[in-house]
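The values are calculated or read from the model by the stated rules, or taken from the named source; none is laboratory data. Treat the numbers as computed from the prediction; the structure is a model and nothing was measured. Virtual Cβ from ideal backbone geometry, glycine too; neighbours counted across all protein chains shown.
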Amino acid sequence: MITKDIASKLKAHQTPFYYYDTELLKETLSVVSGEASIRGFHVHYAVKANFNPVIMKTIAGYGIGADCVSGNEVEHAIACGFAAGETVFAGVGKSDREIEKALDLGIKCFNVESAAELEVINEIAGRKGKLAAVALRINPNVEANTIKHITTGTDENKFGIRMAELERVTGLMADYDNIKFHGIHFHIGSQITDLKVYRNLCSRINDLYGWFTERGLEPEDINVGGGLGVSYDDPDRFPPFAEYFDVFRNHLDSRIRSTISFELGRSLTANCGSLISRVLYVKPGAGETFVILDAGMTELLRPALYHASHRIENLDSEGPARKYTVVGPVCETTDTFGKSIPLPETRRGDLVAIRSAGAYGEVMASGYNMRKLEPSVFSDEL
């Protein structure tokens, strides 16, 4: 929650900028670490959600591992204090240079997404005289009931190894001298709010665990992915971590001896961040009134990319409510944060917060139209 006192302090800063509530972030990390620990689970942070160094160093301080999808993320995570031995390298398109660097840094494992990638990692590890630990990312064909753009676990998808290919891929793995089987990995999508979806995933994991052990392959680690969603309509509502972990505790086969790992991103950082902007103009239209902000899709891309919605709050006005179309200054019609948004009567110069922007906000910012994002502001610096 952004109180009046906080809002008054934010006015001193040049907009647009990201504001992070560091105490809320720490509270979230403390809860998720505790809930995972009492169930014997392990948590990794999905670096792609927010790689701000202050955020990263705070998360690393809770003993959480890192889930990375590029070589630069791997290097950045380790530089921010994440243990190399708890850093995982995922992603469908790892370059040779990235693989080489990750091997040199001694990461925990590669999440492998194809037979071709497995072959390349084996070749590179062989040249370097190293043994590469790999987890096979399996596409379980489980529908995530989320935005189609961030569904990743169905058959027609670029992510993961289809189950029909598993026999061939595990056969190849057995022939490679520089590959060590570490585990299996799943990720069915992002911003998942229907927890019943994870029951279906558990059922598939149970079947596949049996499939692997029958072939003499005991996964040391089962990474069930992440994807736990947040309430964009109610940014002060805490994610249901206990209920989420309980789905896996209650529905995974008790015979599974593997470490159970999760990769959480959005649910850890979304609610602690807000994009702070000022109203440049209020412009009447033929049928709607536009509030034009100094922040746009260059600072927060999700609404333009996915038609995603964020709660928008006027931090200055307490006037009567009206409905506005809230837009940015970028020269694209899609630079729109929302239509028919109820706000108190809004004027030029009002400070506006776009909430739940701590994940997939700052990391997706761009310099389109030669725009500049001002330095982030943290609550413990106010």
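A few points about this structure:
- Residues of the range 3-23 that are under 22 Å from I59 (Cβ atoms) and either buried (at least 19 other Cβ atoms within 10 Å of the Cβ) or touching a strand residue (DSSP E or B) at 6+ places or on another chain (Cβ under 7 Å) (or both): F17, Y18, Y19, Y20, D21, T22.
- Selection status of R168, closer than 22 Å to H251 by Cβ and assigned by TED's automatic domain parsing to the domain that holds P219: no
- Inclusion of V142 among residues that are at pLDDT 95 or above, in contact with a helix residue (DSSP H, G or I) (Cβ under 7 Å, 6 or more places away or on another chain) and in the same structural domain as R204 (by TED's automatic domain parsing) is not warranted.
- Residue, surrounded by the most Cβ atoms within 10 Å (Cβ to Cβ), within the range 83-121, restricted to residues that are over 19 Å from the mean Cα position of the chain (by Cα) and among the basic types (K, R): K108
- For first residues located in the range 206-228 and at positive phi, partners that are surrounded by 16 or more Cβ atoms within 10 Å (Cβ to Cβ) and part of a loop (DSSP other than H, G, I, E, B) and lie 6+ apart or on another chain with Cβ distances below 6 Å form the pairs G225/F186; G225/H187; G227/S190.
- From the list K57, K108, K101, K128, the lone residue that is more than 20 Å from I188 (Cα to Cα), of a type in the set (D, E, K, R) and in contact with a Ser or Thr (Cβ under 8 Å, 6 or more places away or on another chain) is K108.
- Qualifying positions in the range 333-352 - in a strand (DSSP E or B) and without any contact (Cβ under 8 Å) to a residue 24 or more places away in the chain: P342
- E119 vs. criteria assigned by TED's automatic domain parsing to the domain that holds H182 and over 16 Å from I179 (Cβ atoms): no
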